[in-house]
Amino acid sequence: MATPTVLTARQAPGPKGEPVLGNARSFQADILGALQQGRRGYGDVVRFDGIGPLFPVFFVAHPEGIKEILQDKHRNFPKTPFVSDRWRALVGDGLICSEGDFWKRQRRLCQPAFHRRLVNSFGENMTEVTGELLDRWEAASRSNQEVDVTLDMTRLALSVLGGALFGANWRQDSEVMAHAVEVAIGEAYKKFGKFVSLPESVPTPANLRFAKARRSLDDVIYRVINARRTDRGEHPDDLLEALMTATEDDGSGMTVEQVRNEVMTFMFGGHETVASGLTWALYLLSRHPEVYGRMEQEVDEVLGSRVPTVDDLPQLPYIDRVVRESLRLYPPVSLISRTPQEDDTVMGYDIPKGSMVLLSAFVTHRHPEFWPNPEGFDPDRWIELGEQGPHRFAWWPFSGGPRKCIGDVFGLQEMKLVLAMMAQRVRVRLVPGHAVVPKPGITLGQQNGVIATVGMRERSRTTVSTAPRTAVAAAQGCPVTGAQAAPPAAASGCPVAHD
Ligand code: HEM
């Protein structure tokens, strides 16, 4: 670690990095590693200097500092403009990238779409989509084929979200939409990684691909919205309907364009996140057969071979702990950023206006002051901690304060239902020799994905059943023989992720 720069009392300390370049290269090569090292070497507020318009960057690792930024002083710490601009190109003025009174009104109008009753009603779609995937995995297992867990979780999560957004309309247009989402998100990833990129008006091949994908999404979304507006018949109870019918006290609602922007926001903000969470959970479970065994025991006792419902979730506390612990070690949104409008302080350190402030759930979730054995995967630590963890901002996979994720209940519900069904039917084994390395982007992905083989559990084949819950003896799960993947090491990728 380099010598700290000379400081006045209130300047945050930090590594000098290389001559001229400062910390630019270490950020580019492995941003999460650089931040983690920064915290270890310099404490809870670290200043990184470097070459390029991003720097200086301030990194805040302590839960108290995160609380100051996301909650207490959130008005002075809006999202970083260049990150929001990237989102805007994709989703328009959606919740994720709007600010001020406009954001507040949109948040109020979107809130009914995430009412627990409605989110619960999506449970059946979640288990149906998971059942279809497990059928395919069963076929793959019979022919000893490998599965691409990252890709399959992404498609599963998109299908769940599409169903929740558009009900039956999704089935009709899913192929076109899924393809367009994949292309648009691929191009968006590249844009997020660059501080400066050519404006969309320049017809580069990447810009053209992006514009085409966005156009196909718009075509379908506007078509469905317009069909609903003119159809006087009964409408499905889905997210789109909730957005279209939401009104303020004065009776005003969203314009068609605003509805489109929020639909796009949910589509992009709500599927890669869940997919990342599930992929990392399966990765961890494949490396911890003893944890998987306890999950199997729990589902056998509570569900037997019955498809789980949302009402079963409170009876599955171990799966809840697995999800929490997995989101702790691998939070899908591993980095967010804010930029103060005025000079401010955080934990007593100066933060000049206009600078980039990074917060990383990945680093804070491993802060040794709050997490004993921080790198260990130990779902049982949550027995003592309860829902909040050791500090409200020591565990914040869904962020906090007014900009907290609007889809947290949706995401948690989906992760738990999917994992419960997986535990009923399969075990995932990492392919030997396939190293799994975190790759921060819009969400926390994996370089080269997660490739696995699937073993079917012998006794269970989940069926739709109305049989009452009976305790079933713990089943013998098939042993996990997967190789040990590489520990989380160097991560590379864009300097700033999902925000
Ligand atoms: C495991 C799943 C998920 C995780 C880990 C997650 C994480 C997050 C985080 C950390 C933020 C805050 C970003 C910031 O403050 O800069 C956020 C915001 C947001 N998320 Fe999620 N999310 C998940 C699922 C979802 C789902 C399923 C949806 C929608 C269907 C969704 C929609 C949104 C929206 C609209 C925002 C912006 C809210 C606002 O600024 O008012 N998320 N999410």
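The values are calculated or read from the model by the stated rules, or taken from the named source; none is laboratory data. Since the structure is predicted, the reported quantities are computational estimates derived from the model, not experimental observations. Every residue, glycine as well, gets a Cβ built from its backbone with ideal geometry; the counts of neighbours run over all protein chains shown. Remember, those area values only see protein heavy atoms, side chains included, never the ligands or the DNA or RNA. Shrake-Rupley method; radii C 1.70, N 1.55, O 1.52, S 1.80 Å.
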Rounded, prolate or oblate (a/c below 1.5 giving rounded, otherwise prolate when a/b exceeds b/c) for region 290-436 by Cα gyration tensor: prolate
C-alpha center-to-center spacing [region 187-250, region 305-319] in angstrom: 34
Long-range amide H partners of residue 437 with built H, under 5 Å: 447
Distance histogram for region 394-459 (every C-alpha pair counted, 10 angstrom bins, percent rounded to whole numbers): 17, 30, 38, 14, 2
Average accessible surface area per residue within region 24-125, 1.4 Å rolling probe, Å²: 40
Of 190/416; 212/439; 191/353; 191/404, those spanning more than 29 Å from alpha-carbon to alpha-carbon: 190/416
Filtered GluC sites (Glu not before Pro), region 1-99: DSSP coil and at most 15 other beta carbons within 10 Å: 99
Accessible area (Å², per residue) of region 135-263, counting only protein heavy atoms and a probe of 1.4 Å: 52
Other-chain or far-sequence residues with amide H under 5 Å of residue 346's (modelled H): 351
Per-residue HN-Hα couplings for region 269-279 [Karplus 6.51, -1.76, 1.60; θ = phi - 60°; Hz; x = Gly/Pro]: x, x, 10, 5, 4, 5, 4, 5, x, 5, 4
Computed over region 237-333, Cα set: Rg, Dmax in Å: 18.7, 56
Mean shadow area of region 347-388, taken as a quarter of the surface of its Cα convex hull (nm²): 4.4
Probe 1.4 Å, all protein chains present, accessible-area order of 250, 378, largest first: 250, 378
Region 170-308 shape via C-alpha gyration tensor axes, a/c threshold 1.5: oblate
Kirkwood Rh (inverse of mean 1/r, distinct Cα pairs), region 1-125, angstrom: 17.5
Rg(Cα)/(2.2 N^0.38 Å) for region 14-84, N = residue count: 1.16
P(r) histogram, all alpha-carbon pairs of region 77-169 included - 10 Å bins from 0, percent: 14, 29, 30, 19, 8, 1
With every protein chain in place, region 406-457: carbon and sulfur % of accessible area (1.4 Å): 53
Accessible area of region 324-416 divided out per residue, in Å², using a probe of 1.4 angstrom: 34
Inverse mean reciprocal Cα-Cα distance (Kirkwood Rh) of the chain, Å: 23.7
